[in-house]
Structures are given as C-alpha cells and as structure tokens.
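The values are calculated or read from the model by the stated rules, or taken from the named source; none is laboratory data. Keep in mind that what you see is a predicted model, and the values were worked out from it rather than measured. Heads up, the Cβs are rebuilt from the backbone with ideal geometry, glycines too, and the neighbour counts pull from every protein chain shown. For accessibility, only protein heavy atoms count, side chains too; no ligands or nucleic acids. Shrake-Rupley method; radii C 1.70, N 1.55, O 1.52, S 1.80 Å.
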Amino acid sequence: MRSITKLLMLSGAALAVVAAQPAANAAWKPEKPIEFIATAGPGGGTDIIARTVQGIITKYKFVDRPIVVVNKGGGSGAEGYTYGKSMAGDPYKVIFGTSNAWQQPMVSKVAFNYTDLTPIAAMAQDEFLIWVKQDSPWKTAGDYLKAAKSGNLKMGGAQSKDTDEVLTRMIEKIADVKITYIPFKSGGEAAVQLAGGHIDSHVNNPSESVGQWRGGTQHPICVFSSKRLTNTDKVTATEGWSDIPTCVEQGLNIPTYQQPRTVWLPGKVTPEQAAFYVDLMKKVEDTPEWAEYIKRTSQTNTFLTGDEFQKFIKDDIEHVHQIAQEQGWLVK
C-alpha cells in the first residue's frame, strides 16, 4: 500500500513538473505598465515617434498593459539615456532616441555609453532640411549661404554637439561660412523660435516643422538627400515635399545626411525580453498607420536589428569621430 501511495505521489509530482514546463519556457511578455522614454522635449521627432508607436500598439492591442510616454530630454538627451542605464534589468523602460545614443558619449562627458543599453532596432531614417522664415529673403540655399558669409546668421537645432550641430558644422566647412549654432531641447522648440524670428534658420526633420510650413510661418529651401523626396502630397496649397530641391542642386555639396530613429532597453535584460520588443516593433512596422507616418514625415522606412544595427552603429561612429575631431569635440 505504501509503495502504491508513494508511486502515486511521485507520478503526481512528475505531472506537476511537466505541467509547469510550458510556463517556464513560454515567451516573455509584459505583466505591468510600460514606460516609453523620449530622449527629447515635446514636439520633436523623437517625441513624435514614441507617441506614434504608443498609439499603434494601443490601437491594435499588441500589448495588454498601459503605455505612457515620458519626456527626458535634459542634457541634450543624456537625461533619458542615463535614466535607462540606471534601470538595468528593467524590461518596462523603453528608450526612444537617435544616433545621439552613441554620438553623445564621444563629444560630451556624460554618465552613460550606448553599451550600457540593449539595442532593439533602428526603425527609420529621418531627413534633414534647411528651413527659413516664410518672409525670409532667402529662397535658395545659394541665397542663404551668401548671407552666411557675413557671419551673423543664427542656426537653431535640437541639442548640442548632436546631429543638428554636426550638420551645421558640415555646412560651414563645405561652404566656407561661419554660422552661430543655438541648441534647443527639441526640433519643435527650434521651430517655435524660428517662427518668432529669434533665429534665422534651423535644420529640422520634416515631421518637426510640417505644421509651421502648413501654417505659413516657415518653409524649407533644400533637403540633404541624393534625390528629391518622393512624397507628392501637397503640404501647402501649391507645394509639397517632392517640390523641395536637393541642397546639391542649389550648390551646397552635402548629398546625403540622415538620422536614425532608434529604440533601446536598459542593459542586463534577458534575451527573451529583448526579443519581445524586437517582435513588437516589427508588428508596429507592418501596420498601415506606420506606413502613413513614414509617408507623412517623409522618412525612409528602415528596420535594422541585431548584427545589422551593430554594423550601422560602428560605421556611424567612424564618420562622426572624424567630424568631432576636426571640431575639437572629442572627450579626452
């Protein structure tokens, strides 16, 4: 009798182990609210993409937990990345940024490095344009560069020693001009400052200034792309993205300049947790809302993850290192 009882107990225990096995091996999924950290102020491209992804996930119920977007753009975005670093092992913090994740530690003494974070994906490549006030006398890049010869022009941009300022310094070098660069917390803030006449120009991405263009306070004079943008939709009654000349067409020889929109988790998360977010971002990318966002903001849809993302980072570090060295920005 004892043998039978013992056998039944052992069988029951074995069944319990088998029953528990699928749960132990099940793919990870969130069990509490998620925080999206935008490493820039409200209204900028980083804020816009974080809220766009949040909206798509919520609409399609890809995640059954609440998602809140929090802006941590202080220190040119260092606040958000440092916060992500401090949350090591926490898969409920998702950081949205750009190439400043690896560029900023090269040029500023910050409390993080991109290697403190877990790369998830680069989801899009954003374009850059030169924007001026609607009533500006400068109708072309050539007009603008002639005025810049005076050394009195002010160029606004998102953050310091970041992609906007790198582009400004490239313009200076190629055109042999001097421009005063003024950093703001976001491209949205730079657009407001241009509308108010406090700066002469900025190099915002399309999404950061499309509202001001439509509203008639400012307009783009050229795009840093090898060819004109393909979106033929009109922004104003007479003009749209495809009508903007390339900067090369107008005598400014910078054929291509783009910025990746990147997604990260804190360091020390598990491979299963990272894989969940890679899959989640792929689901977002496959929706018509994402396609509409890419078209509306005139970005290039690019999904890089894993080794491809790492190679992209390495190549960009080499490019930026050269410019930073020329400017004397490199942290010693």
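Numerical summary
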read-out	value
Label point distance in nm, residue 242-residue 301, each placed 7 Å from Cα along Cα→Cβ	1.7 nm
Given 29/314; 93/282; 72/109; 32/268, the pairs whose alpha carbons are separated by over 21 Å	29/314
Fraction of accessible area attributable to carbon and sulfur, region 129-243 (%, probe 1.4 Å)	49 percent
Cα-Cα pairs of region 62-103 separated by more than 11 Å (percent)	69 percent
Of 52, 87, 248, farthest towards positive along the dipole that unit charges on Lys, Arg, Asp, Glu beta carbons give the chain	87
Förster-model FRET efficiency, 35 Å R0, residue 27 and residue 214, C-beta, rounded to 0.05	0.20
Translational diffusion coefficient (Stokes-Einstein; Kirkwood radius from C-alpha pairs) of region 245-330 at 25 °C, 0.890 mPa s, in µm²/s	153 µm²/s
Mean shadow area of region 146-242, taken as a quarter of the surface of its Cα convex hull (nm²)	6.4 nm²
Cα-based convex hull, the chain, per residue volume (Å³, whole number)	147 Å³
Listed pairs 85/185; 185/311; 59/295 exceeding 24 Å between Cα atoms	185/311
Gain in span if fully extended, residue 287 to residue 139, counting 0.36 nm per residue against the direct Cα distance	49.5 nm
Probe 1.4 Å, protein heavy atoms only - accessible area per residue of the chain in square angstrom	46 Å²
Highest average packing first - 181-188, 55-62, Cβ atoms within 10 Å	181-188, 55-62
Charge sum, other residues only, whose C-beta stays under 14 Å from residue 278's C-beta, Lys/Arg counted +1 and Asp/Glu -1	-3
Dipole moment magnitude, nearest 20 debye, the chain about Cα centre, only Lys, Arg, Asp, Glu C-beta charged	740 debye
